[in-house]
Amino acid sequence: MTNAAAQGYDYIIVGAGSSGCVLANRLSANPATRVLLVESGPDDTSPLIAMPRGIGKLLDPRNPHVWAYDVSPGGNKPSEMWLKGRAVGGSSAVNGMVYIRGAPMDYDGWADAGCTGWGWDEIGRCFVALEDHELGEGPWRGVGGPIHVSVHPTRNGLCEAVLDAAQQIGVARVADVNDVDVVRDGGMGYQTRNIANGKRVSSARGFLKEARKRPNLDVLPETDVLKVEIEDRTVTGVTVRNKQGARFVAAREVILSAGAVHSPKLMQLSGIGPGAVLRAAGVPVIVDSPDVGRNLREHRYLQTVYRVTGGSMNLNYQGLGLAKSVLQYGLLAKGALTHGAHEVGGFVKTRPDLDHADAQIGVSLYSLNLTDKGVVPDKHHGLTILGYFTRPESQGEVRIQSADPDAQPFIDANHFSAEIDRITAVSLFRWLRALGEQSALKPWIVEEQFPGGMIKTDDDILQNAVALGGTAYHIAGTCRMGADEASVCDPQLRVRGVSGLRVCDTSIFPTLVSGNTNAPAMAVGLRAAEIILQTQ
């Protein structure tokens, strides 16, 4: 830390993730403004972060670059493990690099509900500012921005067969799966990714790398924030802990960008949250705010997995194939290790009467098997086709169980509790299976490896919906913004009931957006910085 630590900062940003890196860049652009960015995890120096398919090693609960949460998926289903980024770059340092913005109707819905300044006109403009898109400038598509957006480049036969099969069931082939018309009306194509020259473009790489050279910006990795300190309902700073011990750091304003689990957890530990939850955990109540930790939204994907005759990447990730892939990546930054999570993707209507696409599809040229060594590729060629309902209405919660900052919170996803989520689960799974049954794919498919014959009826789908897929790692909504007094934050992201505290990450989403959350988290960071700088 610089000497500014002794004097205090103008802003302390808690969490160097997709939103936090953007905020650190924008708020420190004024050399007179002192900014501290605090991150629990390590710096983003691991070569596995730069390597797109390094996620195979990063997404391991034993890896120091991730948080591992024990989560109840809902009902009486067994608990499962959720992973989120814990490094400079946050989840943008460990995710699948799928660049999707969501639908204009998502953001316009926020504005219509009272979140003035958060409609598509404002957020769409932020996406354009983010992008350096290889498809070039276009309506709602940007060039020259800090985040390079590329389209998966390899046109292999299996991918082409999938796109042909999609066309056979009425889904158009498109060049840009992010196009606002595609997100509304449906379409599939090669996946857009935040990858440049075979390397991951995280929020840290796009926004923080150059900003760290500024003398008025301090970045503290491997440092936990234990509590937001509040006196007379005014935030005075935070208590941090690292190898040097615990200490207080003063700030004029604290911004929580710790993610949709840790932001509400830290608020509750600091005395802001549901009174009964805080008292049960032994935390003095400063602000009884019942919605802190509630409104948890998450995409739950369903999948079909096929054994195929060829065209997959399974053999490129093991044995001699892996050795060849590593050499190709090391020498040329090309090949199997430069792929994002999906090679093909898009949006579809799972029922013909819909006026807006309701599911996002991802197609991956691999199939995975759970062994005592972890998740590994199958020994044969495989194909995974997954999808999720884009606008789920089921709501879960995050709540602390102890005043100990190292204790895990209780997390209940409460999947499929809303009727529309159950209806769409059935229509979506039937769409996935129909895609695999098209004539374009018949020469490729040997068998449906998962789920196979165990799922036949609508009741089978509903009874096994949780087991048919998993979390998409898009958790949001737990510190929702709104115009109503029950909302955690107002539309300027100020936490109700105290002064000097804001939240800026996916937890502020009133509802989940139609797609992956990394790009929206960065756009929210840009928009939040504008609002903060306007209200200084």
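Taking the Cβ of each residue in 126, 479, 504 as the centre, tally the other Cβ atoms inside 10 Å and list the residues starting with the fewest. Write out the running numbers ahead of the final one.
Working: 126 25, 479 33, 504 30.
Fewest-to-most Cβ neighbours within 10 Å comes out as 126, 504, 479.
On full extension of the chain, what length is gained from residue 327 through residue 404, given 0.36 nm per residue of separation minus the C-alpha to C-alpha distance?
Numbers: separation 77, 0.36 × 77 = 27.72 nm, distance 4.61 nm.
In short, 23.1 nm is gained.
Determine, for 105, 313, 454, the number of other Cβ atoms within 10 Å of each Cβ, and report the residues in order from fewest to most. It would help to have the intermediate numbers written out before the result.
Details: 105 17, 313 25, 454 10.
So the residues, fewest neighbours to most, are 454, 105, 313.
Quick check: from the Cα gyration tensor, does the stretch 427-518 come out rounded (a/c under 1.5), prolate or oblate?
Working: a/c = 4.13, a/b = 3.03, b/c = 1.36.
In terms of gyration-tensor shape, prolate.
Expressed as an acute angle from 0 to 90° and rounded to the nearest 10, what is the orientation of the C-alpha long axis of helix 419-436 relative to the principal long axis of the chain?
Around 40 degrees separate the two axes.
How large is the charge dipole for the chain, taken about the Cα centre, if only the Cβ atoms of Lys, Arg (+1) and Asp, Glu (-1) carry charge, to the nearest 20 debye? Let's see the in-between values first.
On the way: 52 positive and 57 negative charges, 305 e Å.
The calculated dipole for the chain is roughly 1460 debye.
Subtracting the Cα-Cα distance from 0.36 nm times the residue separation, let me have the gained length for residue 356 to residue 80 in nm, one decimal. Walk me through the intermediate numbers first.
On the way: separation 276, 0.36 × 276 = 99.36 nm, distance 3.18 nm.
Extra length from residue 356 to residue 80 when fully extended: 96.2 nm.
Between rounded, prolate and oblate, where does the chain land on the alpha carbon gyration tensor, with a ≥ b ≥ c its root eigenvalues, rounded for a/c under 1.5, else prolate if a/b exceeds b/c? Don't jump to the answer; show the numbers that get you there.
Values: a/c = 1.67, a/b = 1.48, b/c = 1.13.
In terms of gyration-tensor shape, prolate.
In whole angstrom, note down how far apart the Cα centers of the stretch 414-481 and the stretch 68-106 are.
Here the two parts' Cα centres lie 18 Å apart.
Along the charge dipole of the chain, Cβ charges K/R +1 and D/E -1, which of 116, 513, 126 sits furthest on the positive end?
Highest projection toward the positive end goes to 126.
Over what distance in Å are the Cα centres of the stretch 296-320 and the stretch 137-167 separated?
19 Å
Residues in the stretch 366-396, backbone N under 15 Å from the label point at residue 320 (7 Å along the Cα-to-beta-carbon vector): list them, ranges by number please.
None, by backbone N distance to the label point.
Check each of the trypsin sites (Lys or Arg not before Pro) in the stretch 364-407 and keep only those in coil by DSSP with at most 16 other C-beta atoms within 10 angstrom; list them in order. Don't skip to the answer; put the middle values down first.
Working: sites: 373, 379, 399; in loops: 373, 379.
Sites meeting the loop and neighbour criteria: 373, 379.
With an 8 Å Cα cut-off and a minimum separation of 6 or more residues, compute the relative contact order for the chain in percent. Present the calculation step by step, with values, prior to reporting the outcome.
Numbers: 1354 pairs, mean separation 114.9, N = 536.
For the chain, the relative contact order is 21 percent.
With a cut-off of at most 12 other beta carbons within 10 Å, and DSSP calling the residue loop, which GluC sites (Glu not before Pro) in the stretch 179-230 qualify? Please list them.
Values: sites: 210, 222, 229; in loops: 210, 222.
Listed in order of number, the matching sites are 210.
Rounded to the nearest 0.05, what FRET efficiency do residue 135 and residue 164 have when you use their Cβ-Cβ distance and R0 = 22 Å? All intermediate terms of the calculation are to be shown ahead of the outcome.
Details: r = 22 Å, r/R0 = 1.00.
After rounding to 0.05, the efficiency reads 0.50.
Can you give the local net charge around residue 531? Use residues other than it whose beta-carbon is closer than 13 angstrom to its beta-carbon, Lys and Arg +1, Asp and Glu -1. Intermediate values should be presented prior to the final figure.
Numbers: positive: 26, 494, 502, 527; negative: 122, 253, 490, 530.
Neighbour charge sum, excluding residue 531 itself: 0.
Under 1.5 on a/c is rounded, so check that first for the stretch 115-274, then, if it is not, pick prolate when a/b is larger than b/c and oblate when it is not; a ≥ b ≥ c are the square roots of the alpha carbon gyration tensor eigenvalues.
Prolate, since a/c reaches 1.5 and a/b exceeds b/c.
Would you mind working out the magnitude of the charge dipole of the stretch 146-235 relative to its Cα centre, with +1 at each Lys and Arg C-beta and -1 at each Asp and Glu C-beta, to the nearest 20 Debye?
440 debye
Which percent, nearest 5, of DSSP beta bridges in the chain are antiparallel? Walk me through the numbers on the way to the answer.
Working: 65 of 90 bridges.
Antiparallel bridges make up about 70 percent of those DSSP assigns within the chain.
For residue 288 and residue 371 in the same chain, what is the full-extension length gain: residue separation times 0.36 nm, less their Cα-Cα distance, in nm?
Values: separation 83, 0.36 × 83 = 29.88 nm, distance 4.55 nm.
Once the chain is fully extended between residue 288 and residue 371, it gains 25.3 nm.
If you plug each phi of the stretch 135-148 into the Karplus form 6.51 cos²θ - 1.76 cosθ + 1.60 with θ = phi - 60°, what whole-Hz ³J(HN,Hα) values come out, in order, with x for Gly and Pro?
Per-residue couplings from phi come out as 7, x, 5, x, x, 6, 9, x, 9, x, x, x, 10, 6 Hz.
Sorting 159, 21 on the 10 Å Cβ count, fewest up front, what's the list?
Working: 159 20, 21 36.
Listing 159, 21 from fewest to most nearby Cβ atoms yields 159, 21.
Can you check what the Kirkwood hydrodynamic radius comes to for the stretch 82-206, Cα pairs only, in Å to one decimal?
Values: mean 1/r = 0.0627 Å⁻¹.
Evaluated on the stretch 82-206, it is 15.9 Å.
Here, each number is a calculation from the coordinates, and none is a lab measurement. Quick caveat, the model's predicted, so the values are computed rather than measured. Heads up, the Cβs are rebuilt from the backbone with ideal geometry, glycines too, and the neighbour counts pull from every protein chain shown.
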